[in-house]
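Student: Quick one: the structure is below, questions incoming.
Coordinate-derived values only; no laboratory data. Fair warning: this is a prediction, and the values are worked out from it, not measured in the lab. Cβ coordinates were reconstructed from backbone atoms using ideal geometry, including for glycine residues, and neighbour counts include every protein chain displayed.
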Amino acid sequence: MPVFIAGAEPAVPHLTCFVSIPDPSLIEVMASSALDSLVLDMQHGMFDEASVLAGIGAAALHGKPVLVRLPVQAGGLASRMADFGAAGFICPMVNSAADAQALVDLVKYPPLGRRSWGPRRALALSGLTAPEYLSRANARIVLLAMIETKEALDELDSILATPGVDGVFVGPSDLAVSLSAGAQLTHPDVDAALPRTVAAAHRHGKRAGIFAASTSAAREALRQGFDIVSVTQDGMLLSGAIANALEAVGHTERT
């Protein structure tokens, strides 16, 4: 089972990519790249439980860990994805330490959380005995709380201080919507919040991640010190590649 080790501070930035199209063949292609991991998106992507299960297996063929972005208020789904072999979770709309603790309870074993025993696929992928898996699971599974609202920014330190939370992950678009009365998708308050988030995470000895909608945004995020950066997502990459190919052969839009 490929591991995105929760407790280890990365020596180099970790580059991932959001996947919204639940096709194992596409996941295999992406996993065979130099990306460090993939994020299967159950919040806004087309993944359901069966396609997450297939996606984790497809990525494992190339030794790549899979994180899952959960739906809002995922409930027991988080524990189920951990049992499937997910290496970690990106959790939306975490606005308080109480929200963070609720997620810890779902994906970490006691004494940190309350996850129920039954890692059927995860245990098989790990290559560990059951006692070995149990002793290492809390360190193997990374939990990243998404910072997407003004409330989350106000509670940033308390979220990061929650035992079992391994870092935070900024959703710039939702954060901009929360901070902007006009629901602007870019906002200067978001720009100010980014270095603050990085500094807070590192002060707590934890990771700071962010979604970047373009390669230029990803470069800027790396410059700002983010440890985990999603270099756009599969649909955007495919659209960009098609546009570049058509431009290269001199194709212009027909009217």
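Student: Could you go through region 213-228 and let me know if any residue there is part of a strand (DSSP E or B), in contact (Cβ under 8 Å) with a residue 40 or more places away in the chain and closer than 20 Å to Ser173 by Cβ. Give the steps one after another, and end with the answer.
Tutor: Taking region 213-228 first, the residues part of a strand (DSSP E or B) are 228.
Still in the running and in contact (Cβ under 8 Å) with a residue 40 or more places away in the chain: 228.
From what is left, the residues that are closer than 20 Å to Ser173 by Cβ are 228.
Checked against the condition, which is being part of a strand (DSSP E or B), in contact (Cβ under 8 Å) with a residue 40 or more places away in the chain and closer than 20 Å to Ser173 by Cβ, region 213-228 yields at least one hit.
Student: Can you name every residue in region 31-44 that is over 13 Å from the mean Cα position of the chain (by Cα) and either among the small types (Gly, Ala, Ser) or crowded, with 20+ Cβ neighbours inside 10 Å (or both)?
Tutor: Hits for region 31-44 are Ala31, Ser32, Ser33, Ala34.
Student: Looking at (1) under 30 Å from Leu61 (Cα atoms); (2) surrounded by fewer than 18 Cβ atoms within 10 Å (Cβ to Cβ); (3) polar (S, T, N, Q); (4) touching a residue at least 60 places away in the same chain (Cβ under 8 Å), which is the only condition Ser158 fails?
Tutor: For Ser158, the exception is condition (1).
Student: I've got another one for you. Given the conditions (1) on the phi > 0 side of the Ramachandran plot; (2) in contact with a strand residue (DSSP E or B) (Cβ under 9 Å, 6 or more places away or on another chain), which single one is not true for Val190?
Tutor: For Val190, the failing item is (1).
Listed here are the residues, each with its yes/no results for (1) surrounded by 19 or more Cβ atoms within 10 Å (Cβ to Cβ); (2) in a loop (DSSP other than H, G, I, E, B); (3) without any contact (Cβ under 8 Å) to a residue 12 or more places away in the chain.
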{"residue": "Leu103", "(1), (2), (3)": "yes, no, no"}
{"residue": "Ala122", "(1), (2), (3)": "yes, no, no"}
{"residue": "Pro131", "(1), (2), (3)": "no, no, yes"}
{"residue": "Pro163", "(1), (2), (3)": "no, yes, no"}
{"residue": "Ala192", "(1), (2), (3)": "no, no, yes"}
{"residue": "Pro195", "(1), (2), (3)": "no, no, no"}
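Student: So Gly63 clears everything in (1) on the phi > 0 side of the Ramachandran plot; (2) under 13 Å from the mean Cα position of the chain (by Cα) except one condition, right? Which one?
Tutor: Failed condition: (2).
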